[in-house]
Amino acid sequence: MFKILRINMTELSTSSEEISSVYQGLGGRGLTAAIINKEVDPICSPIGPNNKLIFAPGLLGGTNCANSGRISVGGKSPLTGGIKEANSGGQAGGYLSRLGISAIIVEGMPKEDKLYKLIVGKDKCELQAADELKGMGNYATVERLKDEYGLDMGYVSIG
């Protein structure tokens, strides 16, 4: 059964839910756009707490199909006010799909100016403090995470 993970940054909590019938048959860019369209107020600030950031692997993620490990990341665009999505390769999309995760929805904003990392596994979804990563570039961040968690994981970072 595929599920959606919700990460509430205001409460620093995580939850999961079965994917609703509204989102069945969607993945990647389509799922990202559908969630934003349904759940984000079109007149909210794109950089405020009412916007959402969606991570969604494609429908073929986790399969043996070539180039199927893509992941879409999207939200309400600060530039256009519409829905914007970026697409990336790597391992994260395939790993999320194999875990039965159709999307990760990040909502709200932390009350304090701190960094967090999200750890997702078969029976695990938790936020952990990550202030030690503040100011690091993407390559250095991922190297540090690999040192801590190993090579058999997918990593997503921004910076």
Being in a strand (DSSP E or B), within 14 Å of the chain's Cα centre (by Cα), more than 25 Å from ASN50 (Cβ to Cβ) and small (Gly, Ala, Ser), is that true of even one residue in segment 111-123? yes
Does segment 32-47 contain at least one residue that is surrounded by fewer than 12 Cβ atoms within 10 Å (Cβ to Cβ) and within 15 Å of SER97 (Cβ to Cβ)? no
Can THR10 be described as closer than 15 Å to GLU107 by Cβ and surrounded by 13 or more Cβ atoms within 10 Å (Cβ to Cβ)? no
Just to be sure before I move on: is GLN24 within 19 Å of VAL156 (Cβ to Cβ) and open to solvent by 20 Å² or more (accessible area, probe 1.4 Å) in the structure I sent? no
Can GLU126 be described as among the charged types (D, E, K, R) and either touching a helix residue (DSSP H, G or I) at 6+ places or on another chain (Cβ under 6 Å) or part of a helix (DSSP H, G or I) (or both)? no
Give me the pairs: first residue in segment 102-123 and on the phi > 0 side of the Ramachandran plot, second residue part of a strand (DSSP E or B) and at pLDDT 95 or above, beta-carbon distance under 9 Å, and six or more apart or on different chains, which are they? GLY108/ILE7; GLY108/ASN8; GLY108/LYS52
Expected single match for at pLDDT 95 or above, under 26 Å from PHE2 (Cβ atoms) and either open to solvent by less than 20 Å² (accessible area, probe 1.4 Å) or within 17 Å of the chain's Cα centre (by Cα) (or both) among GLY61, GLY108, GLY90, GLY100 is GLY108
The correct count of residues that are in a helix (DSSP H, G or I) and touching a strand residue (DSSP E or B) at 6+ places or on another chain (Cβ under 6 Å) in segment 18-38 is 7
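The values are calculated or read from the model by the stated rules, or taken from the named source; none is laboratory data. This one's a predicted model, so the numbers in the text were calculated from it and none came from an experiment. Neighbour counts run over all protein chains shown; Cβ positions are idealised from the backbone, glycine included. Just so you know, the surface numbers come from the protein's heavy atoms only, side chains and all, with ligands and any DNA or RNA stripped out. Shrake-Rupley method; radii C 1.70, N 1.55, O 1.52, S 1.80 Å.
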